[in-house]
Amino acid sequence: MACMSVLTRDEAQTRAQLLDVHRYTVALDLTTGDETFESLTVIRFAARTGADTFVELKPAELRSVVLDGENLDPGTLDDNRLPLKNLTAGEHELRITASMRYSRTGEGMHRFTDPADGETYVYTQMFMDDVQRVFAAFDQPDLKAVFELSVTAPEGWTVLANGITEHLGEGRWTAAPTPLISTYLVAVAAGPWHSVRTEHRDLPFGIHCRRSLAPHLDADADEILDVTRACFDRYHEKFEEPYPFDSYDQAFVPEFNAGAMENPGLVTFRDDFVYRSAVTDTERQTRAMVIAHEMAHMWFGDLVTLRWWDDIWLNESFAEYMGYQTTAEATRFTDSWTEFGVVRKAWGYDATSAPPPTPSPRRTSRIPPPRSSTSTASPTPRAPPRSASW
Ligand SMILES: [Zn+2]
């Protein structure tokens, strides 16, 4: 049985010294059936010296590989690694077409059909190495690039992405190119979303959920957007660095297997945060804190990014610190540190008293699920997470 090769830190360092990745042009076709979608990736990059290297991909079927106009043999794909042999120094263009599988595990491109109304939604979760389930990539956090995305979706769907999206007609969408970002931060969410849109500081802001939750999102839209605007303004005061992306969308997505994910310009949250019944103010405070935490990552995590995963502790700890602090400073939840002291601090004690993590970098939840009774879909155990990360 094939076991996907996990990139080691040494391999990542070697590849980062070799490559300068400029731009990914990615075209996804989401209209080809329930099981798979089509994925075309064009990667423009430079090699600093002549060397062998590889690009990662986990396709259902690898259709073609063209490097600088020359066909390579798709049969050379070994697990998730496609070798690029005898690469010469200088500029290159790699063009890969493949059919990719939708997932039902929250990894890569998750596909969900709502039992309430039969509507279908897809969204990505690329952390840590799941971009390879969606398109071909030199998949490590320090090989940042510009991502230019286009999507063909069923008619009636809305496509959200890191950059502002535009509908060209007949289900064809493009997203504005991103600034330099890491592969694990690319995001797409597509479906017949219910959206509440506004503008703040001349940037489009939106919140989105599946249609069947629309009344519940609408009921809380003012509160969610108030928290969003207040935190956004407070971060500008604190960081003195303009928000680095062109829009701020927050999508509450179904069957998300973590709590939330800080994709630049398109934060995803588990849709248990769209409350469907009366909740306590503590739960509303938790949601506000998660909004603030993810927004902190726009600067610390997304604009400035860890070189390798061993610095995730700093990425998450700082977002957590900023999240609680900014919630207390800028929103009506002025005593958010009490929750931290009662709940989150104990997770820290638990983590520091536990054995060190195993060497395997396989996934842990990016963010633990909310501790509300509405959280039923998560595979994460109820015990405090081993990782203190949110
Ligand atoms: Zn975080």
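The values are calculated or read from the model by the stated rules, or taken from the named source; none is laboratory data. Predicted, not measured: the structure shown is a model, and the values here were computed from it. All Cβ positions, glycine included, derive from the backbone under ideal geometry; neighbour counts span all protein chains shown. Note: areas computed on protein heavy atoms with side chains; ligands, DNA, RNA excluded. Shrake-Rupley method; radii C 1.70, N 1.55, O 1.52, S 1.80 Å.
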Residue check: is ASP142 touching a helix residue (DSSP H, G or I) at 6+ places or on another chain (Cβ under 6 Å), at negative phi and either crowded, with 21+ Cβ neighbours inside 10 Å or not assigned by TED's automatic domain parsing to the domain that holds GLU199 (or both)?
-> yes
Can you name every residue in segment 3-48 that is open to solvent by 80 Å² or more (accessible area, probe 1.4 Å) and under 21 Å from ARG81 (Cβ atoms)?
-> CYS3, MET4, ARG9, ASP10, GLN13, THR14, GLN17, ARG44, ARG48
Only one of ALA251, ALA219, ALA278, ALA258 is touching a His at 6+ places or on another chain (Cβ under 7 Å) and either in contact (Cβ under 8 Å) with a residue 60 or more places away in the chain or not polar (S, T, N, Q) (or both), namely ALA251
Within segment 292-300, identify whether any single residue is modelled with pLDDT of 90 or more, surrounded by 13 or more Cβ atoms within 10 Å (Cβ to Cβ) and not in a helix (DSSP H, G or I), and answer yes or no.
-> yes
Matching entry among GLU241, GLU166, GLU148 (being modelled with pLDDT of 95 or more, outside any helix (DSSP H, G or I), closer than 20 Å to HIS293 by Cβ and open to solvent by 10 Å² or more (accessible area, probe 1.4 Å)) | GLU241
Check segment 161-179 and report whether any residue there is charged (D, E, K, R), in contact with a Pro (Cβ under 8 Å, 6 or more places away or on another chain) and under 26 Å from PRO242 (Cα atoms).
-> no
Considering segment 267-317 alone, what residues qualify as being more than 14 Å from the ligand (Cβ to nearest atom) and aromatic (Phe, Trp, Tyr)?
-> PHE273, TYR275, TRP308
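Out of all the residues in segment 15-53, which are farther than 26 Å from ALA189 by Cα and free of Cβ contacts under 8 Å to residues at least 12 places away in the same chain?
Taking segment 15-53 and keeping what is farther than 26 Å from ALA189 by Cα, we get 15-20, 45-53.
Those that are farther than 26 Å from ALA189 by Cα and free of Cβ contacts under 8 Å to residues at least 12 places away in the same chain: none in segment 15-53.
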Please state which of the following conditions PHE333 fails to meet, knowing it meets all the rest: (1) open to solvent by less than 20 Å² (accessible area, probe 1.4 Å); (2) in a helix (DSSP H, G or I); (3) more than 12 Å from the ligand (Cβ to nearest atom).
-> (2)
Quick count over segment 169-193, residues being open to solvent by 30 Å² or more (accessible area, probe 1.4 Å) and more than 20 Å from the chain's Cα centre (by Cα), is 2
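Specify the residue that is surrounded by the most Cβ atoms within 10 Å (Cβ to Cβ); the eligible residues are those in segment 318-330 that are within 16 Å of the ligand (Cβ to nearest atom) and of a type outside the set (A, V, I, L, M). Outline the logic, then answer.
Going residue by residue through segment 318-330, those that are within 16 Å of the ligand (Cβ to nearest atom) are 318-327.
Checking which are of a type outside the set (A, V, I, L, M) leaves us with 318, 320-321, 323-327.
Numbers: PHE318: 16, GLU320: 21, TYR321: 14, GLY323: 25, TYR324: 22, GLN325: 18, THR326: 27, THR327: 30.
For segment 318-330, the residue satisfying everything is THR327.
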Applying the selection to segment 252-266, what residues are more than 16 Å from the ligand (Cβ to nearest atom) and surrounded by fewer than 24 Cβ atoms within 10 Å (Cβ to Cβ)?
-> PRO254, GLU255
Which members of segment 49-99 meet the condition of being surrounded by 15 or more Cβ atoms within 10 Å (Cβ to Cβ) and in a helix (DSSP H, G or I)?
-> PRO74
